[in-house]
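Taking it in order: structure first as structure tokens, then the write-up.
The values are calculated or read from the model by the stated rules, or taken from the named source; none is laboratory data. It should be emphasised that the depicted structure is a prediction, and the values quoted were computed from it without experimental measurement. Using ideal geometry, Cβ is built from the backbone for each residue, glycine included, and neighbour counts are taken over all protein chains shown. Just so you know, the surface numbers come from the protein's heavy atoms only, side chains and all, with ligands and any DNA or RNA stripped out. Shrake-Rupley method; radii C 1.70, N 1.55, O 1.52, S 1.80 Å.
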Amino acid sequence: MKQIEIEAGSIEEAVKEALIKLGARREEVDIEVIEEGSRGFLGIIGNRLARVRVKIKETPRDVIETTVQEIIYAMGIDVAFNISQSGLYWNVNFEGPDVRLLIGRRGETINALQFIVNMIVNKRLNEKVHLIMDAEGYRRRREETLRRLARRLSERVKRTKRDVVLEPMTPQERRIIHMELKENPWVYTVSEGEEPYRKVVISLKR
Amino acid sequence: MKELIELIAKSLVDKPEDVEVAEFQDEKGVVVELKVAPEDMGKVIGKQGKIARAIRTLAKAKAAKTGTKVLVEILS
């Protein structure tokens, strides 16, 4: 039971009764007064009961779960997910037969889903949440691939003394490349171009 | 495909009652036409088309599952 309407002699009584029926504390619910109620003339004629609607507040976890569930179902892909919280971030981790499809080419699909779900969840909730999606360790594998790529290409720049332009990447992916080569004595990195086609360029230090 | 686009669009805009989605088949695959209230256009397109691009990416993934192609048009 997520919400309930109660009639009683006063608003206060109605709320109390609703909280008992819902098994919730006052800070866990939103209260809407539908009818103020009135004593009426001489307490006899025109007595009206107070009526309230008491609704259990949705937690960020509830909203994230519902939103992801709806979209995954509408996409018709066969994956399961779990939600966990670490500090300021909510993690949504997927597994199942359609995980490769969910990730997409170079993470294109999971990044799009993460972006859209972040937008929807933040619209539905009153507080700001930030969620990160992953599937069967994809993010960590991608990070390792990018680090290796960065080191290999830095060697090429050092050897050929020519710039290397990488393919377009997300800000998070570009950051991995920048961080990997930050301390490199031979090369430096910058990002060039406009989103979503922004690319890292690796150049020789002079 | 219509349901997916409708769900995402209605969840993003301020006037979900004004969201209209049509779906039809052409020789290349499925075409989905999305219409929203004029003041909600930014909510489905986004800065530099970022939201529109994400919606299309999700539609493409759904189409890939069934081996078809999809084109999502946002009409003004």
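Averaged across the residues of A:107-120, what count of C-beta atoms belonging to other chains lies within 10 Å of each residue's C-beta?
Taking the mean over all residues of the peptide, I get 5.
Nothing charged except the Cβ atoms of Lys and Arg (+1) and of Asp and Glu (-1): what's the magnitude of the dipole of chain B about its Cα centre? Round to the nearest 20 debye.
560 debye
Average partner chain C-beta neighbours within 10 Å, per residue of A:194-205?
The shielding value for this peptide is 1.
Carbon and sulfur atoms: what percent of the 1.4 Å accessible area of chain A do they account for?
49 percent
Quick one: among A:VAL164, A:VAL79, A:VAL92, which has the greatest mean-square fluctuation in a GNM of chain A with alpha-carbon springs under 10 angstrom?
A:VAL164
Report, to one decimal in Å, the Kirkwood hydrodynamic radius for the stretch A:1-131 based on all distinct Cα pairs.
Answer for the stretch A:1-131: a Kirkwood hydrodynamic radius of 17.8 Å.
Compute the Rg/Rh shape ratio of the stretch A:60-136: radius of gyration over Kirkwood radius, all on alpha-carbon atoms.
0.94
Just the number, please: percent antiparallel of the DSSP beta bridges in chain B, rounded to the nearest 5.
55 percent
As a quick test, which of the pairs A:LYS123/B:LYS43; A:LYS128/B:LYS15; A:LYS199/B:LYS43; A:LYS2/B:LYS2; A:LYS161/A:LYS205; A:LYS123/A:LYS199 have an alpha carbon distance above 19 angstrom in this structure?
Flagged as over cut-off: A:LYS128/B:LYS15; A:LYS199/B:LYS43; A:LYS2/B:LYS2; A:LYS123/A:LYS199.
Along each of its three principal axes, how wide is the spread of alpha-carbon positions in the protein assembly as shown, in whole angstrom units, largest first?
Over the protein assembly as shown, Cα extents along the principal axes are 98, 50, 37 Å.
Dipole size in debye (nearest 20) for the stretch A:140-204 around its Cα centre, Lys and Arg Cβ +1, Asp and Glu Cβ -1?
That gives a dipole near 360 debye.
When the C-alpha atoms of the stretch B:2-75 are aligned to their principal axes, what extent does each axis show, in angstrom, from largest down?
Between the extreme Cα coordinates on each principal axis of the stretch B:2-75 lie 34, 22, 17 Å.
So which residues of the stretch A:57-75 lose at least 30 Å² of accessible area, probe 1.4 Å, when you go from the chain by itself to every protein chain present?
Buried on complex formation: A:ILE71, A:ALA74, A:MET75.
Considering all alpha-carbon pairs of the stretch A:75-184, what whole percent are spaced by more than 26 angstrom?
31 percent
Need one number: the % of Cα-Cα pairs in the stretch A:18-92 sitting beyond the 20 Å mark.
Cα-Cα pairs in the stretch A:18-92 separated by more than 20 Å: 60 percent.
Take A:TYR197, A:TYR89 and sort them by solvent-accessible surface of the protein heavy atoms, 1.4 Å probe, largest at the top.
In descending accessible area the options line up as A:TYR197, A:TYR89.
Antiparallel as a % of all DSSP beta bridges within the protein assembly as shown, to the nearest 5?
75 percent
Antiparallel DSSP bridges in the stretch A:60-136: what percent, to the nearest 5?
Among the beta bridges of the stretch A:60-136, antiparallel pairing accounts for roughly 55 percent.
Leaving out ligands and nucleic acids, and using a 1.4 Å probe, what accessible area per residue does the stretch A:59-173 come to in Å²?
I get 56 Å² per residue for the stretch A:59-173.
With a probe of 1.4 Å, find how much accessible area chain B has per residue, and write the answer as a whole number in Å².
Per residue, chain B has an accessible area of 55 Å².
Give me the accessible area per residue for the stretch A:3-56, probe 1.4 Å, as a whole number in Å².
Per residue, the stretch A:3-56 has an accessible area of 68 Å².
Before we go on, tell me the buried accessible area for the A/B pair, both chains summed, 1.4 Å probe, in Å² to the nearest 100.
1900 Å²
Order A:ILE177, A:ILE4, most accessible first, counting only protein heavy atoms with a 1.4 angstrom probe.
In descending accessible area the options line up as A:ILE4, A:ILE177.
Once every DSSP H run of n ≥ 4 in the protein assembly as shown is given -39500 (n - 2.57) and the sum is divided by its residues, what mean residue ellipticity at 222 nm do you get, rounded to the nearest 500 deg cm²/dmol?
My calculation for the protein assembly as shown gives -13000 deg cm²/dmol from helical runs alone.
Between the chain alone and the structure with every protein chain in place, find the residues of the stretch B:50-76 that drop at least 30 Å² of accessible area; heavy atoms, 1.4 Å probe.
Relative to the lone chain, where solvent access is computed with a 1.4 Å probe, the stretch B:50-76 loses at least 30 Å² at B:LYS50, B:ILE51, B:ARG53, B:ALA54, B:THR57, B:LEU58, B:ALA61, B:LYS62, B:LYS65.
Report, as an integer, the average count of C-beta atoms from other chains found within 10 Å of each Cβ along A:134-144.
0
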